[in-house]
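Structure first, commentary second.
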Amino acid sequence: MNINNFWNDVIKQNRDALPSYFCDDAQILWHCTNEAFNVDEYVIANCDYPGKWNGKIEKIIELDSQIILVGRVYSVEDELSCHVTSFIKLKDGKILEMSEYWADDGVAPLWRKKLGIGKAIQANTREI
């Protein structure tokens, strides 16, 4: 499976292409919201999500029949931004299971700022 093509089809909400990446009995798990989807439900959840999106893969690790992907997804208007970590299990070159953890990007909480600990990972990023 070409993970870059899959990522692009997810970001562009390509309803026609997305099912082709999955086994018929694939399961998609969104742990942060305690949801499990079949392929058809995943396509609806992804493609009917409001807005237009851009995205960037930040890291890919491929291990035998598994792929770990970390990416940033952000609205075209750059008003919303989040990160996703995806653990993908493949069978015969298609996704059998995908466990994803989504998190909104934001600023460090006030209590940590008051402690004066930590520093920005990337310089020149706006606070969301």
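The values are calculated or read from the model by the stated rules, or taken from the named source; none is laboratory data. Fair warning: this is a prediction, and the values are worked out from it, not measured in the lab. Virtual Cβ from ideal backbone geometry, glycine too; neighbours counted across all protein chains shown. Each accessible area value is taken on the protein alone, full model and side chains, heavy atoms only, with ligands, DNA and RNA left out. Shrake-Rupley method; radii C 1.70, N 1.55, O 1.52, S 1.80 Å.
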Total charge dipole magnitude, the chain, about the Cα centre, Cβ charges on Lys, Arg, Asp, Glu only, Debye to nearest 20: 780 debye
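Tally up the carbon and sulfur contribution to the accessible surface of the chain as a whole percent, 1.4 Å probe, everything protein left in place.
On the way: 4290 of 8530 Å².
C and S fraction of accessible area: 50 percent.
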Dipole of the range 1-58, positive end: most advanced residue of Q13, L29, G51 [Cβ charges, Cα centre]: G51
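Can you tell me the accessible area per residue over the chain, all protein chains present, probe 1.4 angstrom, in square angstrom?
Spelled out: the 1.4 Å probe surface of the chain, per residue, equals 67 Å².
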Residues A120 and E35, FRET efficiency given R0 of 30 Å [Cβ-Cβ distance, rounded to 0.05]: 0.40
In nm, spacing of pseudo-spin labels at I3 and K113 (7 Å Cα→C-beta vector): 3.5 nm
